[in-house]
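S.K.: Here it is, the structure, as structure tokens.
The values are calculated or read from the model by the stated rules, or taken from the named source; none is laboratory data. Treat the numbers as computed from the prediction; the structure is a model and nothing was measured. Here Cβ is always computed from backbone atoms with ideal geometry, including for glycine, and neighbour counts include all displayed protein chains. Remember, those area values only see protein heavy atoms, side chains included, never the ligands or the DNA or RNA. Shrake-Rupley method; radii C 1.70, N 1.55, O 1.52, S 1.80 Å.
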Amino acid sequence: MRQRLIFIGLLLFAAIGADAQRTSSLKINEILVINQDNYQDDYGNKSPWIEIYNASPGTVNIAGCYLTNDPSNPKKYMIPKGDVLTKISPWQHILFWADGQHSRGTFHLNFALDSIGENYIALYDSDGHTLIDEVTVPAGNLPNRSYGLVEDGWTQAKLDEAIRLNSRYKDGSQLWVYFDDTVADGRYVTPSSNNKILDTNEKIENFKENDAQGAGMTLTAMGVVFSGLLLLFLIFKLIGNIAVYSSHRRAMKASGLSKEEAKGIAQQSGDMYAAIAMAIYEATELHDEEHTILTIKRSVSSYSPWSSKIYTLRETPIKK
Amino acid sequence: MDFLSFLGDNLATFWTYTAFANFTWGHIIMLFVGLLFIYLAIAKEFEPMLLIPIGFGILIGNIPFKDAGLQLGIYEQGSVLNTLYQGVTSGWYPPLIFLGIGAMTDFSALISNPKLMLIGAAAQFGIFGAYIIALTMGFEPNQAGAIGIIGGADGPTAIFLSSKLAPNLMGAIAISAYSYMALVPVIQPPVMRLLTTKKERLIRMKPPRVVSQTEKIMFPIFGLLLTCFLVPSGLPLLGMLFFGNLLKESGVTRRLAETARGPLIDIVTILLGVTVGASTQATQFLTLASVKIFALGALSFVIATAAGILFVKFFNLFLGKNNKINPLIGNSGVSAVPDSARISQTVGLEYDPTNYLLMHAMGPNVAGVIGSAVAAGVLLGFLG
């Protein structure tokens, strides 16, 4: 029974771990409601599109999940199974055409978007009731202007952290923003591509600007290295003291020694015990003078534990 | 076309495919470097396990050929060498080597005298000294970080970090790290003598106490949890190091421990050495940056050695008369295991033939492995 419980526990643990890289890491990333001169599909049509982003380091298969624009009907469009293109690589995107023509293939939805009013869009897991992500695109959309996350896959917590770290985002920055190629604010409509085009490595630039001499890095990193090893030192100082104390107690219990005598025994090194043992041996084992030669002989063994039953089959531990 | 001219044309075409028709002086220089490595390994026994594979790898990588899409070179996708090189570029050889190192390392010296861990931390100044100098020489911060890690004196760590931060410099960094690890017996003793007094060199340290198996089992578990909670980016290296050590110390996974410290580490060392050597194709390797990296590598070893020794001297100011540490073990914070610890022993014996420092020096030596992996994790976290 206990073994069964442990097995189920391990299974649940593995399932929770695996879920971290499943559909739960998918995000609705960018939506274009009125597509006049933007991206076109393989049929040459310019239709509204919805971009989904995989915000995890593992490939995620979106097949079997549901996309909907109706809160009362989560299972409006099931993303078909059996299409290899539904696998989204890590940190990559996939695009669905909201043209109401699902007969055109996997990526054509059976609903279209409302070009005048607001649009509710949701992504549900394959069970049809677990909500993965949802967004409402406000009414009053302009042609060729998309609505998306300020950076791919970001959450409000991530934006708040970026604001706190005094990066390029300030108080009042919004998580969902408009992208328009005609406005010179660095935000472009980017179907199947990153919402924020990163043309520099922010971390490196930050170091070049604020720590050109490397003193900051040295102090910080050495601080971390010392802290890590200091922590280990403190823990093992404590563990060592406990180990020495318990060996005192064992010695006292076994031989009836006083506390001070036991303390002396527990703190001796192994080589001292070896020397004492050697001295006792010399004193008690009486031998004639022998002519012996001490040598080192290479031991050659063709034996391999891989083929040994002794090694491959361990005994079942004995329960006490 | 008559038959003879057909044969002549074929031979002429064949000639263009030979190394004779394609060699440059760069290739010749690199071939001599490879031969030098092999010579040092065989004649001087400088790190033969590393220098033989790397040296021969340099020979393999510097036989020139016509670039005709035959999938021969290490940088040609799909070639045999390129496939083997994936373990380096993707960074999975170094953690496997750390698994083996963990399975063969006895942390008893460190557990019995845990304050020696701090020496392993101090020696990491070599990394950041080289980082600062590399920045002043005009390297980008990520490149400087990758170069600085040479001062950690840990080949797998250097390869792991440079593959992430500066893949284009990885060949030079790896060769530099392994070369200077082999040259530890040449680099360290003068620095050790310069920075210590005769009285200090004669300090006798208390013999380490016996460490129980429970303590040995707890070390990899606590070591992993404490260091990786602090620096999760060090997880691939530290995770495998401590895992390997638990295999060794648990006492119930002897077969796994023997495989990790035997056949596995041997196989990975061969593949790592030969592919790193082969990655030094003259066209990619012989640059001014490589020369600078070699200079910085030497400096980083000197700084690391000096930092370890000076830290011990400073530490001794706070220790009781009977607990003093011999500063000659300060150099062993440079984690070239076990060479730098052996240097402590050798130099110590020169001044007192009965003062055996090896066991004491192994403490900072293995702490240096942990310290350099933590430092690599920090650099990766900041610059990756």
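S.K.: If you check B:LEU116 against the conditions, is it over 16 Å from the mean Cα position of the chain (by Cα), touching a residue at least 12 places away in the same chain (Cβ under 8 Å) and within 14 Å of chain A (Cβ to nearest Cβ)? Even if it seems obvious, please write down each step before you answer.
M.R.: On the way: over 16 Å from the mean Cα position of the chain (by Cα): yes; touching a residue at least 12 places away in the same chain (Cβ under 8 Å): yes; within 14 Å of chain A (Cβ to nearest Cβ): yes.
Considered against the rule, which asks whether it is over 16 Å from the mean Cα position of the chain (by Cα), touching a residue at least 12 places away in the same chain (Cβ under 8 Å) and within 14 Å of chain A (Cβ to nearest Cβ), B:LEU116 comes out as yes.
S.K.: Could you please find all residues in region B:136-165 being hydrophobic (A, V, I, L, M, F, W, C) and buried (at least 24 other Cβ atoms within 10 Å of the Cβ)?
M.R.: Initial filter on region B:136-165 (hydrophobic (A, V, I, L, M, F, W, C)): B:137, B:139, B:144, B:146-147, B:149-150, B:153, B:158-161, B:165.
Once the filter is applied, which keeps residues that are hydrophobic (A, V, I, L, M, F, W, C) and buried (at least 24 other Cβ atoms within 10 Å of the Cβ), region B:136-165 yields B:ALA144, B:ALA146, B:ILE147, B:ILE149, B:ILE150, B:ALA153, B:ALA158, B:ILE159, B:PHE160, B:LEU161, B:LEU165.
S.K.: Look at B:LEU286 and say whether it is more than 14 Å from chain A (Cβ to nearest Cβ) and either in contact (Cβ under 8 Å) with a residue 60 or more places away in the chain or open to solvent by less than 60 Å² (accessible area, probe 1.4 Å) (or both).
M.R.: The answer is yes for B:LEU286.
S.K.: Next up: Can B:ILE63 be described as among the β-branched types (Val, Ile, Thr) and open to solvent by 10 Å² or more (accessible area, probe 1.4 Å)?
M.R.: Working: among the β-branched types (Val, Ile, Thr): yes; open to solvent by 10 Å² or more (accessible area, probe 1.4 Å): yes.
In short, yes.
S.K.: Would you check which residues across region A:190-234 are part of a helix (DSSP H, G or I), over 27 Å from the mean Cα position of the chain (by Cα), at pLDDT below 90 and at the interface with chain B (Cβ under 7 Å from one of its Cβ atoms) and list them?
M.R.: Once the filter is applied, which keeps residues that are part of a helix (DSSP H, G or I), over 27 Å from the mean Cα position of the chain (by Cα), at pLDDT below 90 and at the interface with chain B (Cβ under 7 Å from one of its Cβ atoms), region A:190-234 yields only A:LYS208.
S.K.: Within the bounds of region B:371-383, is there any residue that is more than 10 Å from chain A (Cβ to nearest Cβ), in contact with a Gly (Cβ under 8 Å, 6 or more places away or on another chain) and over 16 Å from B:PHE128 (Cα atoms)?
M.R.: The answer is no, given that none of the residues of region B:371-383 is more than 10 Å from chain A (Cβ to nearest Cβ), in contact with a Gly (Cβ under 8 Å, 6 or more places away or on another chain) and over 16 Å from B:PHE128 (Cα atoms).
S.K.: Name every residue in region A:141-187 that is touching a residue at least 12 places away in the same chain (Cβ under 8 Å) and either at positive phi or in a helix (DSSP H, G or I) (or both), in order of residue number.
M.R.: Within region A:141-187, A:ASN144, A:GLY153, A:GLN156, A:LEU159 meet the criteria.
S.K.: Out of all the residues in region A:166-203, which are among the aromatic types (Phe, Trp, Tyr) and touching a strand residue (DSSP E or B) at 6+ places or on another chain (Cβ under 9 Å)? Give the derivation first.
M.R.: Restricting attention to region A:166-203, the residues satisfying the condition of being among the aromatic types (Phe, Trp, Tyr) are A:169, A:176, A:178-179, A:188.
Result: A:TRP176, A:TYR178, A:PHE179, A:TYR188.
S.K.: Taking region B:230-246 as the search range and keeping residues that are modelled with pLDDT of 90 or more and over 20 Å from B:SER108 (Cβ atoms), which one is least open to solvent (accessible area, probe 1.4 Å)? Give the derivation first.
M.R.: Taking region B:230-246 and keeping what is modelled with pLDDT of 90 or more, we get B:239-246.
Cutting the leftovers down to over 20 Å from B:SER108 (Cβ atoms) gives us B:239-240.
Working: B:GLY239: 17, B:MET240: 54 Å².
Filtering region B:230-246 for residues that are modelled with pLDDT of 90 or more and over 20 Å from B:SER108 (Cβ atoms), the one least open to solvent (accessible area, probe 1.4 Å) comes out as B:GLY239.
S.K.: Test of understanding: among B:GLU249, B:GLU215, which residue is within 13 Å of chain A (Cβ to nearest Cβ) and either within 24 Å of B:ALA361 (Cβ to Cβ) or buried (at least 23 other Cβ atoms within 10 Å of the Cβ) (or both)?
M.R.: Working: B:GLU249 fails: within 13 Å of chain A (Cβ to nearest Cβ).
Answer to the check: B:GLU215.
Conditions tested, residue by residue: (1) in contact (Cβ under 8 Å) with a residue 60 or more places away in the chain; (2) open to solvent by less than 40 Å² (accessible area, probe 1.4 Å).
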residue: B:ILE325; (1), (2): yes, yes
residue: B:ALA341; (1), (2): no, yes
residue: B:PRO353; (1), (2): no, no
residue: B:HIS360; (1), (2): yes, yes
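S.K.: Can you name the number of the only condition in (1) at pLDDT below 70; (2) open to solvent by 100 Å² or more (accessible area, probe 1.4 Å) that A:MET278 fails?
M.R.: Only one criterion in (1) at pLDDT below 70; (2) open to solvent by 100 Å² or more (accessible area, probe 1.4 Å) is unmet by A:MET278, namely (1).
S.K.: Pick from region B:170-210 the residues that are aliphatic (A, V, I, L, M) and within 14 Å of another protein chain (Cβ to nearest Cβ): which of them is nearest to the chain's Cα centre (by Cα)? Talk me through it step by step, then tell me what you get.
M.R.: Keep residues of region B:170-210 that are aliphatic (A, V, I, L, M), which gives B:170, B:172-175, B:177, B:181-184, B:186-187, B:191-192, B:194-195, B:202-203, B:205, B:210.
Going one step further and asking which of them are within 14 Å of another protein chain (Cβ to nearest Cβ), we end up with B:205, B:210.
Numbers: B:MET205: 29, B:VAL210: 30 Å.
Top of the filtered list is B:MET205.
S.K.: Only one of (1) within 14 Å of another protein chain (Cβ to nearest Cβ); (2) assigned to a loop (DSSP other than H, G, I, E, B); (3) free of Cβ contacts under 8 Å to residues at least 60 places away in the same chain is not met by B:SER335, so which one is it?
M.R.: Unmet for B:SER335, out of (1) within 14 Å of another protein chain (Cβ to nearest Cβ); (2) assigned to a loop (DSSP other than H, G, I, E, B); (3) free of Cβ contacts under 8 Å to residues at least 60 places away in the same chain: (3).
S.K.: For region A:40-62, enumerate the residues that are over 31 Å from the mean Cα position of the chain (by Cα) and farther than 19 Å from A:VAL177 by Cα.
M.R.: In the first step, residues of region A:40-62 are kept if they are over 31 Å from the mean Cα position of the chain (by Cα); the result is A:40-48.
Result: A:GLN40, A:ASP41, A:ASP42, A:TYR43, A:GLY44, A:ASN45, A:LYS46, A:SER47.
S.K.: Condition check: among the aromatic types (Phe, Trp, Tyr), assigned by TED's automatic domain parsing to the domain that holds A:ASP125, over 28 Å from the mean Cα position of the chain (by Cα) and open to solvent by 30 Å² or more (accessible area, probe 1.4 Å). Does A:TYR77 satisfy that? Even if it seems obvious, please write down each step before you answer.
M.R.: On the way: among the aromatic types (Phe, Trp, Tyr): yes; assigned by TED's automatic domain parsing to the domain that holds A:ASP125: yes; over 28 Å from the mean Cα position of the chain (by Cα): yes; open to solvent by 30 Å² or more (accessible area, probe 1.4 Å): no.
No.
S.K.: Could you give me the residue pairs with C-beta distances under 7 Å whose first residue belongs to region B:44-59 and is open to solvent by 60 Å² or more (accessible area, probe 1.4 Å), whose second residue is among the aromatic types (Phe, Trp, Tyr) and part of a helix (DSSP H, G or I) wherever it lies, and which are 6+ apart or on separate chains?
M.R.: Note: no pairs meet the criteria.
S.K.: Please work out which one of (1) open to solvent by less than 20 Å² (accessible area, probe 1.4 Å); (2) of a type in the set (S, T, N, Q); (3) over 16 Å from the mean Cα position of the chain (by Cα); (4) within 14 Å of another protein chain (Cβ to nearest Cβ) is the condition B:GLN124 fails and give its number.
M.R.: (3)
S.K.: Kindly indicate the residue of region A:235-261 that is closer than 18 Å to B:SER112 by Cα and among the small types (Gly, Ala, Ser) and also modelled with the lowest pLDDT among those meeting that condition. Show your work before the answer.
M.R.: Applying the first criterion (closer than 18 Å to B:SER112 by Cα) to region A:235-261 yields A:235-248.
Among the residues that remain, those that are also among the small types (Gly, Ala, Ser) are: A:240, A:243, A:246-247.
On the way: A:GLY240: 88, A:ALA243: 86, A:SER246: 85, A:SER247: 79.
The selected residue is A:SER247.
S.K.: Continuing with the same structure: Taking the options B:LEU194, B:LEU241, B:LEU224, B:LEU237, name whichever one is farther than 30 Å from B:ALA298 by Cβ and either part of a helix (DSSP H, G or I) or not aliphatic (A, V, I, L, M) (or both).
M.R.: B:LEU224
S.K.: Residues in region A:82-93: is at least one closer than 20 Å to A:GLU118 by Cα and either at pLDDT 90 or above or open to solvent by less than 40 Å² (accessible area, probe 1.4 Å) (or both)?
M.R.: Pass one, region A:82-93, residues closer than 20 Å to A:GLU118 by Cα: none.
No: zero hits.
S.K.: Limited to region B:252-264, what total is found for residues that are of a type in the set (Val, Ile, Thr) and either in a helix (DSSP H, G or I) or open to solvent by less than 40 Å² (accessible area, probe 1.4 Å) (or both)?
M.R.: Within region B:252-264, the first condition is being of a type in the set (Val, Ile, Thr), and the residues that meet it are B:252-253, B:259.
With the extra rule that they be either in a helix (DSSP H, G or I) or open to solvent by less than 40 Å² (accessible area, probe 1.4 Å) (or both), the set shrinks to B:253, B:259.
Final tally of qualifying residues: 2.
S.K.: Return yes when A:ALA55 is of a type outside the set (Val, Ile, Thr) and at pLDDT below 60 and no when it is not. Before you say what the answer is, go through the steps one by one.
M.R.: Numbers: of a type outside the set (Val, Ile, Thr): yes; at pLDDT below 60: no.
Here the answer is no, as A:ALA55 does not meet what is asked.
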